[in-house]
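Colleague: Here you go, one structure.
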Amino acid sequence: MLYPPVPISFLGIGLMGKPMAMNLIKSGYPVTVWNRTPSKAAELMSAGARLAKSPADAVRHAEAVVLMLENGEVVTDLLFTHGVAAACRDGALVIDMSSIAPAIAEDHARLLERSGLRYIDAPVSGGTVGAEKATLAIMAGGEEADVLDAMPIFNAMGNVTHVGPHGRGQICKLVNQCIVAVTIGAVAEGLTLAKVGGADPAQVRKAIIGGFCESRILELHGQRMIDRNFVPGGLIKNQIKDLKAALEVAETLGLQLPLTDRVCELFVALAEAGKEDLDHSALILQIEAMKL
């Protein structure tokens, strides 16, 4: 078990990574961090983190390496171009909590195991609020023994479920993203119908929140839509990335995902209108702009 004070390196301290790394520090882990923009590490350094000069420098003495990066291409680049995999100590556990394509996760697992490293793909759901409160839903793919070994690390950030072998954590995340995106679309449509139909959207949300359609999306994102608060927790461009990955996986499996396909088109239209860096609850702006 990787209990504190086992040294951990954390690569990627953006909207999600920063609070996740902070919770590891609060749990007693000595944490070394790296980010393309070093200034983002100031708060973590004040809390006791060490800032590394390079990704390879960050991981040299770590027993566990946590990655929280934008996409699979960036993860691959850091691991195999910038020397992270080569710099890791033998037997280190690489925990990739980024959202990447399942096939890429499987490739990473094979390459890292050949180098004498262990690997878990462990994407998360819960947004920045979950990251801050250490209540993230963590979906782990990999060897059961490795997931068990990493349990103290996961517990410092949220609640983990082992969903299968390498790559299946990413499959689980795609399932999550399909459901989240379609539900955001449904809430956006409903609140738009309420407004245009002459009802107060805030009161409509209040009335139905205890009914059969109650959900975290209605509770949190519905309020964001009403408040017009689209400060990003989950970026539109990342939602598109995950939905496209889900559609690609479905195609390889001979499946059609018609609702996911349509909501992806709506998110893409919103991004093309210059709103890709807004929160994904801003999908209501696209719904409202659609007229007969």
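Colleague: Scanning for something under 17 Å from residue 288 (Cβ atoms) and among the aromatic types (Phe, Trp, Tyr), does region 209-217 turn up at least one residue?
Modeller: No.
Colleague: When the residues of region 1-51 are filtered to those that are polar (S, T, N, Q) and in contact with a Phe, Trp or Tyr (Cβ under 8 Å, 6 or more places away or on another chain), which remaining residue is farthest from residue 63 (Cα to Cα)?
Modeller: 32
Colleague: Ok, one more. Looking at the structure I just gave you, is residue 145 assigned by TED's automatic domain parsing to the domain that holds residue 26, surrounded by fewer than 18 Cβ atoms within 10 Å (Cβ to Cβ) and not in a helix (DSSP H, G or I)?
Modeller: no
Colleague: Counting just the residues of region 93-129 that are touching a Leu at 6+ places or on another chain (Cβ under 6 Å) and modelled with pLDDT under 95, which one comes out nearest to residue 26 (Cα to Cα)?
Modeller: Per the criteria, the residue is 128.
Colleague: Mind checking which residues of region 72-94 are of a type in the set (Gly, Ala, Ser), under 22 Å from residue 141 (Cβ atoms) and part of a helix (DSSP H, G or I)?
Modeller: Within region 72-94, 72, 85 meet the criteria.
Colleague: Working only within region 9-32, note down all residues that are touching a Leu at 6+ places or on another chain (Cβ under 7 Å) and basic (Lys, Arg).
Modeller: 18
Colleague: Hey, another quick one. Being surrounded by 19 or more Cβ atoms within 10 Å (Cβ to Cβ), out of contact with any Asp or Glu (no Cβ under 9 Å at 6 or more places or on another chain) and either among the basic types (Lys, Arg) or more than 15 Å from residue 188 (Cβ to Cβ) (or both) is true for just one of 246, 282. Which residue is that?
Modeller: Every option except 246 fails the conditions.
Colleague: Among the residues of region 206-240, write down those that are over 30 Å from residue 19 (Cα atoms) and either of a type in the set (Val, Ile, Thr) or in contact with a helix residue (DSSP H, G or I) (Cβ under 6 Å, 6 or more places away or on another chain) (or both).
Modeller: 208
Colleague: Quick check on residue 187: is it more than 13 Å from residue 281 (Cα to Cα), β-branched (Val, Ile, Thr) and touching a helix residue (DSSP H, G or I) at 6+ places or on another chain (Cβ under 7 Å)?
Modeller: No: the conditions fail for residue 187.
The values are calculated or read from the model by the stated rules, or taken from the named source; none is laboratory data. Quantities reported herein were computed from a predicted structural model and do not represent experimental measurements. Glycine gets a Cβ as well: all are built from the backbone with ideal geometry, and neighbour counts include every protein chain shown.
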